[in-house]
């Protein structure tokens with residue numbers, strides 16, 4: 001989360017991609033389903049990050065094209081892409097990440113009790129309501 005937010009807080013004039021390795025790991029492993037009730041929010045955030053990276057690559061490619069071929073490339077296209085990126089894409093992604101961070105910091109872990117019987121280990125998680133949660 002921290003690395004993603006820091007990637008977006010760009011030095012003026014540069015465009016950085018958000019690292020997605022941790023997100024890919026959570027998504028590909030299926031662990032995203034462990035966040036009951038939050039999986040859709042996490043999926044939406046993952047989509048927003050992918051969109052951010054796509055738009056960042058478009059901006060970088062357009063700027064590179066202007067630098068490589070200034071005599072035949074109109075820089076207005078790159079300028080428009082960069083303005084849209086700075087004014088829309090970046091703030092929307094920062095907001096999505098902030099919302100997710102706020103949501104995750106509000107998650108609470110229920111206390112539980114565990115019992116060990118003989119040489120076999122049997123784990124029982126009992127919630128605050130007295131019911132077994134994960135048999």
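Values in this text are rule-based calculations from the coordinates and carry no lab data. Only a predicted model underlies this, so the values are computations on that prediction, with no experimental measurement involved. Because the Cβ atoms are built from the backbone with ideal geometry, glycine has one as well, and the counts that use them run over all protein chains shown.
Would you calculate the separation in nanometres between label points at residue 16 and residue 99, each defined as 7 Å from the Cα along the Cα-to-beta-carbon direction? Placing both labels 7 Å beyond Cα along the Cβ direction yields 2.4 nm. A simple spin-label model places pseudo-atoms 7 Å from Cα toward Cβ; at residue 40 and residue 69 they are separated by 4.5 nm. Put a dot 7 Å past the Cα of residue 50, heading toward its Cβ, do the same for residue 92, and the two dots end up 1.5 nm apart.
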